[in-house]
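**Q** Submitted below is the structure of interest, expressed as structure tokens.
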Amino acid sequence: MNQNILFPDLQDWDEKTQSVVFPAQVQGANLECRIGLPKLSEMALTLLKSSDSDIKEKALTLFEEYRFDIEEEVETLIERESFDEQGRLVVK
């Protein structure tokens, strides 16, 4: 793990984009990171559907279970400077 990149334990569900939103701190700057349902489903080898009544809880639980893998992917995206048009990092 890169010691210059910190991942605070702050994550939330974005209903509109169907993704978990979480921050990464790089040299004191906060970056918005996202991981959507398709990638969470792929990582967990399970099918998450946006129509599930408890999708927020399921997505946040899977995020916690796979947090270290997700953080490793974000570190790689940061190193490659793979930001989207809004300056966010999106795990795909």
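**Q** Any idea how many residues of the range 34-88 are of a type in the set (S, T, N, Q), surrounded by fewer than 10 Cβ atoms within 10 Å (Cβ to Cβ) and modelled with pLDDT of 95 or more?
**A** Residues meeting the conditions: 1.
**Q** Of everything in the range 13-33, what is under 10 Å from the mean Cα position of the chain (by Cα), open to solvent by 30 Å² or more (accessible area, probe 1.4 Å) and touching a residue at least 40 places away in the same chain (Cβ under 8 Å)? Give them in sequence order.
**A** E32
**Q** Now a separate question. Could you check how many residues of the range 77-92 are farther than 16 Å from E42 by Cβ and either touching a helix residue (DSSP H, G or I) at 6+ places or on another chain (Cβ under 6 Å) or polar (S, T, N, Q) (or both)?
**A** 3
The values are calculated or read from the model by the stated rules, or taken from the named source; none is laboratory data. Since the structure is predicted, the reported quantities are computational estimates derived from the model, not experimental observations. We place every Cβ from the backbone using ideal geometry, glycine too, and count neighbours over all the protein chains shown. Please note that ligands, DNA and RNA were not included when accessible areas were found on the heavy atoms of the full protein model with its side chains. Shrake-Rupley method; radii C 1.70, N 1.55, O 1.52, S 1.80 Å.
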